[in-house]
Amino acid sequence: MNTKCVCLTVAFLSLFAGACSQRAVVEKLVDVSGKITINGKPCREAEVTFKSPYTRTMGRGVTNSKGEFTVVELMPGEYTVSVLRMSMDAQGIAPGFEIYAGNDSPLQAIVTEDQTTFEFTLGM
């Protein structure tokens, strides 16, 4: 075996071993919590969705009787927050929620390891 072949093989194996040993950088996932109110009253039984406009990252929670919600294991970043509640007859979105449902919601949140609690007041 010639020296060039041995040197190239050693160089390749060194590069391959180095690439395999590097770990991907993963941001710490955080739990996000908060409260949703409508004119000062708790927004009950609403689906709260945090969706990143830049990635496919998304998390969901549901408000309780106090309007409180939790979204588990969310990556830090910028999010559009939508709030959706079904109408009493379950045939569509409850009146007034159209503006807060979907990607065009005016509600925004910047989630960091230090900022994980949010309160939103919906005007209806």
Notebook entry, point to check: Kirkwood hydrodynamic radius (Cα pairs, Å) of region 30-122?
Noted result: 13.2 Å
Next item on the list: Please report Y79, Y54 as a ranked list, fewest other C-beta atoms within 10 angstrom at the top and most at the bottom.
Entry: Y54, Y79
Item checked: Cα-based reach from K51 at 20 Å (exclusive), listing aspartates and glutamates while leaving out same-chain residues under 8 positions away -> E27, D31, E68, E73, E78, E98, D104, E113, D114, E119
Check: Which order, highest average first, do 91-104, 35-48 follow once you tally other Cβ atoms within 10 Å for each residue and take the mean per peptide?
Finding: 35-48, 91-104
Next item on the list: Determine, for S82, S65, S52, the number of other Cβ atoms within 10 Å of each Cβ, and report the residues in order from fewest to most.
Entry: S65, S52, S82
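A short reminder: the numbers here are calculations on the coordinates, not readings from a lab. Since this is a predicted model, take the numbers as computed values, not measurements. Using ideal geometry, Cβ is built from the backbone for each residue, glycine included, and neighbour counts are taken over all protein chains shown.
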